[in-house]
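A short worksheet on the structure shown next.
The values are calculated or read from the model by the stated rules, or taken from the named source; none is laboratory data. Please read all numbers here as calculations on a predicted model, not as lab measurements. Cβ atoms come from the backbone with ideal geometry, glycine included; neighbour counts cover every protein chain shown. Protein only, heavy atoms only, side chains kept; ligands, DNA and RNA dropped before computing areas. Shrake-Rupley method; radii C 1.70, N 1.55, O 1.52, S 1.80 Å.
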Amino acid sequence: MLQIKQDLLAALADALRTLAPDQAATAVFESPKVAAHGDFACTAAMQLAKPLKQNPRQVAEQLRAALLAAPAFQRWVADIDIAGPGFINVRLKPEAKQQIVGEVLRAGERFGFAPSNGQRLMVEFVSANPTGPLHVGHGRQAALGDAICSLFQTQGWDVTREFYYNDAGVQIQTLAHSTQLRAKGFKPGDAEWPSGEKAPAYNGDYIADIAADFLAKKTVAADDRSFTASGDVNDLASIQQFAVAYLRHEQDLDLQAFAVKFDNYYLESSLYTSGRVDAAVQKLREAGKTYELDGALWLKSTDYGDDKDRVMRKQDGSYTYFVPDVAYHIAKWERGFTKVVNIQGTDHHGTIARVRAGLQAANVGIPQGYPDYVLHTMVRVVKGGEEVKISKRAGSYVTLRDLIEWTSKDAVRFFLLSRKPDTEYTFDVDLAVQKNNENPVYYVQYAHARICSVLATWREKDAGDEALLAQADLSVLDSPAAQTLMLQLAKYPEMLTAAADGFAPHDVTFYLRELASSYHSYYDAERILVDDVVVKTARLALVRAVAQVLHNGLAVLGVSAPQKM
């Protein structure tokens, strides 16, 4: 059916060129707002009415006549209606919709995938400071980043998942000092414990765990390092290295529990040790895009649309935080990533203009608008009707591990992806564990399990062979419920493309819920395991195709497709 739609669009484009050769009318089909009106809708007649100086319905009549004469429309279209001021509604023959079943079954897990486009994409996400367990906001970012990667992989991109470790800031010093105090026997509330914004400390129980293991001279291994504690409470350098390795290991465990795997970890500190930060500053100097004022070095970021020039190097000689970001993104470009997406919290919005300004000013060939950003809001967690704000382990926030343990990896992923990233979201723990239709992930997974149960019964009773379903006679799939379901299947590839283009994995969750709803309606309308072998085989082929698309869509989200529930 995918090729059929392309053939129909090509015929529509030909008709538009003939009807209005001087107008750039776009050949596009929309989904009718009311399903009973048809399968495809076209508004081109209303768009062409004014330049052609004709009534929209007159234009629609001419367009309808041209389409009815086109071979593709004669082959696959049952009827073309004109409605309202000039809407053209196209109703497909059942045979056209039936094609999608075989297409899904033949493609299997690759259904919806485009061929390789030869381009490289990097998505940088989570990128948490190694100063504590991952919180729920990191979880939203992990779900978003991983799903966006999967979406672009369906579109033929060579995708790299990267985690940028901010291991060179004041937070690391605070971590080391907090751990040292715990190792010396002090705790939050003691006179010796820092308090207030000017002298912060990390109060969570995890700091005590780190200190205890440091005193025990334990060895901890993270993704790229292994470190053995000295046990000396006065050895602040050893404490810092041990604490960072310890928390990187803890974050690794959080990510494993969430089934997120990164291809590469990039250290902020390496930008300094490799000389990349100094090199980036030198590029900006040589380009004439900096100036000295009041003992500081400034970037002429207003030349690139920023609301004011930005300090690059402060009076004390240290760089402001956006400078290593510029160096990091020059490194991304030089590593061959023609497209880069950063998943960050909305609190990072202010950095976008200055990072992009720095990249343009560096004059290294990076295109405007590089990198892309997807900004997300934080997540409220509600349990038992009340907001949960504090985790004993973390001290001041709910951790990702808390949420997974309270519900499941699948529920957390699906729920955190079910809204646009920049909209506020409340995670209802009680809803996430319900086993009914109110729980969206349960609703979708149950549709898949329900189909698997039907197929299992067929295999057991009739010794059915699923490999033969691709050759089923589908001509008997002509009921309204079956046709609705097939049309929904056919929307999957275009939905993936649009979701990737818009960095919108929430579109996948919406689609899966709609597909599950169409399947449940079909299941209620028609018995599948009937006595008539031809009808039974056709209906089994249809629901097997539905199961495949549910499986594929859930896989994009990183959610499992259980066979039993």
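Brief remarks follow.
- Leu557 touching a Phe, Trp or Tyr at 6+ places or on another chain (Cβ under 8 Å), of a type in the set (A, V, I, L, M, F, W, C) and open to solvent by 30 Å² or more (accessible area, probe 1.4 Å): no
- The set of residues in the stretch 10-45 that are within 18 Å of Ala66 (Cβ to Cβ), in a helix (DSSP H, G or I) and open to solvent by 30 Å² or more (accessible area, probe 1.4 Å) comprises Ala10, Asp14, Arg17, Thr18, Leu19.
- Lone unmet requirement of (1) in contact (Cβ under 8 Å) with a residue 12 or more places away in the chain; (2) closer than 30 Å to Arg140 by Cβ for Ala229: (2)
- Test result for Leu416, open to solvent by less than 10 Å² (accessible area, probe 1.4 Å), under 22 Å from the mean Cα position of the chain (by Cα) and among the hydrophobic types (A, V, I, L, M, F, W, C): yes
- Those helices (runs of 4 or more DSSP H) lying entirely in the stretch 229-332 with at least 3 residues aliphatic (A, V, I, L, M) and surrounded by 15 or more Cβ atoms within 10 Å (Cβ to Cβ): 236-257, 276-286
- Of all the residues in the stretch 492-509, those that are touching a residue at least 40 places away in the same chain (Cβ under 8 Å) and on the phi < 0 side of the Ramachandran plot number 11.
To keep it simple, each residue is scored yes or no on (1) aliphatic (A, V, I, L, M); (2) modelled with pLDDT of 95 or more.
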position: Ser318; (1), (2): no, no
position: Val326; (1), (2): yes, yes
position: His329; (1), (2): no, yes
position: Trp333; (1), (2): no, yes
position: Ala353; (1), (2): yes, no
position: Ile390; (1), (2): yes, no
position: Ala394; (1), (2): yes, no
position: Pro421; (1), (2): no, yes
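- Residues being within 30 Å of Gly358 (Cβ to Cβ), in a strand (DSSP E or B) and of a type in the set (Val, Ile, Thr) - total across the stretch 371-389: 1
- Selection from the stretch 479-503 of residues that are open to solvent by less than 10 Å² (accessible area, probe 1.4 Å) and over 14 Å from Gly112 (Cα atoms): Ala482, Leu485, Met486
- For the stretch 171-193, a residue qualifies if it is more than 37 Å from the chain's Cα centre (by Cα), over 16 Å from Asp232 (Cα atoms) and open to solvent by 30 Å² or more (accessible area, probe 1.4 Å), and the qualifying residues are Lys187, Pro188, Gly189, Asp190, Ala191, Glu192.
- Matching residues, the stretch 510-554, being more than 33 Å from the chain's Cα centre (by Cα) and open to solvent by less than 20 Å² (accessible area, probe 1.4 Å): Ile528, Ala538
- Test: residue in the stretch 462-478 that is open to solvent by less than 80 Å² (accessible area, probe 1.4 Å), within 27 Å of Asn436 (Cα to Cα) and assigned to a helix (DSSP H, G or I): no
- Residue list for the stretch 435-461, restricted to those being outside any helix (DSSP H, G or I) and open to solvent by less than 40 Å² (accessible area, probe 1.4 Å): Asn439
- The residue list Ala72, Ala114, Ala96 contains one member that is closer than 30 Å to Glu334 by Cα, surrounded by 14 or more Cβ atoms within 10 Å (Cβ to Cβ), in contact (Cβ under 8 Å) with a residue 24 or more places away in the chain and of a type outside the set (Ser, Thr, Tyr), which is Ala114.
- Helices (runs of 4 or more DSSP H) fully within the stretch 63-158 counting 2 or more residues that are of a type outside the set (Asp, Glu) and closer than 16 Å to Phe29 by Cβ: 71-76, 94-107
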